Amino acid sequence: MIMQRIFPQFLPLVLATTFASALACAAPSSGTLQDEVRGLIGSMGPKKGVTAISVRDSDGQEVVNILGDQPVLPASNQKLLTTGTALRLLGADFAFQTRLLRSADRLIVIGDGDPAFGDPELMARMTYTDAQGASHEGMSVEMLLSLWSNAAKAAGITSVRELVIDDRIFDHASCHVDWPVDQLNEHYCAEVAGLNFHLNCLDFWAVPSPRGAEVTRTEPVCAFVPITNSTTPGKTKDDGLWIQRAVDANSFTVRGFLRKPLVAPVSVTISDPPMFFGNLLAERLRTQGIQVGVVRLATTADPASTGDVIGPVIRTPLKTAITRCNVDSQNLYAESLLKRIGHAATGTSGSWKNGSDAMERQIGARVGGAAGLHVVDGSGLSRENRVTTSVMTAWVSDMMHDAAVAEPYLQSMAVGGKSGTVKKRFGDLDSKLATVHCKTGYIESVCALSGVVACVNGHNLVFSVICNGFEGGGVSRAKQLQEAVVKLLARNYGKLPSRQIPADHPALGGG
């Protein structure tokens with residue numbers, strides 16, 4: 001049994017900067033800066049394990065390298081590699097497109113690997129105009145489903161022999177072999193498919209009851225999913241509600257107890273997201289009086305799906321996806337991007353293997369070789385990923401030199417003290433000197449932070465501080481070290497003479 005215990009707005013900030021040219025001015029001596037960083041490691045870094053640090057100046061020159069050529073586990077810093085590769089291979093203007101087609105007596109849903117399809121966080125921020133011209137904010141899961149079921153009814157469809165889910169853009173390996181088996185119930189280990197929906201999780205709401213707890217609703221509502229209530233009254237003051245899902249099946253057992261209603265739902269990963277969505281849509285079509293026969297996945301024997309579009313095409317801009325990925329560190333987004341990269345590179349079903357190969361080739365080609373780089377998944381959840389901090393900073397610096405992708409890439413990162421996973425960090429960073437745009441990363445015995453220290457005078461430092469193999473208390477010391485390095489860079493470079501923006505280079509937008 002599997003057991004179970006979500007895009008902030010960016011504030012506008014114009015960075016008077018360029019990563020392509022420099023004024024002749026005295027920067028801090030790299031030797032002195034390296035010594036200062038080394039001193040910080042000794043005074044506040046983790047006492048055991050490996051601490052690898054690389055820093056590059058506005059021109060991409062490495063000014064700090066402390067074990068920067070040693071391969072380390074990047075954890076979620078891996079997402080900076082994945083989102084950057086996606087921007088370059090798919091293009092900054094790319095958008096995922098999920099479609100419903102009518103072909104004779106069949107309806108076909110064509111998945112595009114979109115991780116945002118039905119994402120409740122993004123839907124809550126959606127704005128749309130109804131048929132009467134009124135503007136609305138926020139869309140529910142049921143409203144999204146009704147867009148297609150209502151459209152099918154409006155098209156005069158009364159029955160379909162088959163509802164086919166074409167998820168062939170990705171392979172059917174939905175969970176990576178390196179992911180921790182005991183955590184596959186957790187949202188960050190959600191299955192990855194060519195048709196994703198609602199973050200591939202089912203949300204449960206419950207209230208106390210004499211027997212322990214009672215499930216009042218799920219999101220999405222799914223009458224076809226069996227839910228067994230095996231809760232019992234608790235003997236402690238703390239709530240202890242938990243949910244079991246059968247391995248490789250969408251049947252759930254609710255256990256434990258509640259003393260007060262749930263404020264936030266309990267989220268449980270689902271099995272086989274494409275078929276789960278197919279059954280959901282079939283349920284909604286039937287409520288519209290449309291008879292639905294077989295619900296199935298497309299097979300290799302099926303021809304390429306064609307037909308007339310029914311209802312709206314659901315689009316998600318890549319810029320939205322990479323921001324959700326980096327700011328909120330959403331693993332499903334990273335893995336979907338990796339497989340979409342693989343599909344773009346090979347023209348075949350995207351997989352972890354062809355996506356990883358494409359990433360390694362792209363990164364190596366851009367930074368002049370990538371010794372120590374080994375890509376296994378897109379999120380960094382696997383403990384087999386490896387990167388050096390020198391390659392990480394070379395990649396981020398190269399992205400920032402590329403006018404075609406620099407702005408969306410920078411804006412996809414969380415901002416210290418303002419958003420995402422660093423909203424509560426860097427509160428004491430002097431905003432008159434700099435802002436930090438970055439990506440965090442945590443798995444067991446790994447704490448990573450990489451990004452850009454954007455000084456208000458136009459000097460910008462790309463940095464990567466990754467700590468591996470520490471013991472208890474190491475995370476707090478690693479975070480302390482990371483923040484000290486960022487503040488040191490801001491102090492050293494933030495008071496230098498201003499850099500100028502070339503007339504032909506757009507200012508990079510941050511936030």
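Coordinate-derived values only; no laboratory data. Quick caveat: nothing in here was measured; it's all calculated off a predicted structure. We place every Cβ from the backbone using ideal geometry, glycine too, and count neighbours over all the protein chains shown.
Model label sites at VAL313 and ARG491, defined 7 Å from Cα along the beta-carbon direction, differ in position by 5.4 nm. Dipole orientation for the chain: of the candidates VAL415, ALA152, LEU100, VAL415 has the Cα lying most toward the positive pole (charges on Cβ; Lys, Arg +1; Asp, Glu -1).
Please list, by residue number, everything in region 147-178 whose backbone N is under 18 Å from a paramagnetic label point 7 Å out along Cα→Cβ of THR299. Of the residues in region 147-178, 161-169, 171-173 have backbone N under 18 Å from the label point off THR299. Between ASP428 and LYS235, the simple label model (points 7 Å from Cα in the Cβ direction) yields a spacing of 4.7 nm. In a fully extended conformation the segment linking THR158 and SER103 would gain 18.4 nm over its present Cα-Cα distance, using 0.36 nm per residue. Summarising the label geometry, the points placed 7 Å from Cα in the beta-carbon direction at HIS401 and SER209 lie 6.3 nm from one another.
Inter-part distance, region 424-477 to region 271-350, computed on C-alpha centroids, equals 35 Å.
What order do you get for ILE322, ILE310 when you list them from fewest to most C-beta neighbours inside 10 Å?
Numbers: ILE322 28, ILE310 20.
Sorted ascending by nearby Cβ count, the order is ILE310, ILE322.
What the Cβ-Cβ distance of HIS172 and ASP328 gives, at R0 = 22 Å and to the nearest 0.05, is a FRET efficiency of 0.25.
For ASP167, ASP239, ASP302, ASP182, what ranking results if the residue with the fewest other Cβ atoms within 10 Å of its Cβ goes first? Numbers along the way, then the final one.
Values: ASP167 26, ASP239 16, ASP302 13, ASP182 10.
Going from sparsest to densest Cβ surroundings: ASP182, ASP302, ASP239, ASP167.
Report, in deg cm²/dmol and to the nearest 500, the calculated mean residue ellipticity at 222 nm for the chain, where each DSSP H run with n ≥ 4 adds -39500 (n - 2.57) and the sum is divided by the residue count.
Details: 11 runs with 143 residues, N = 511.
Rounded to the nearest 500, the figure is -9000 deg cm²/dmol.
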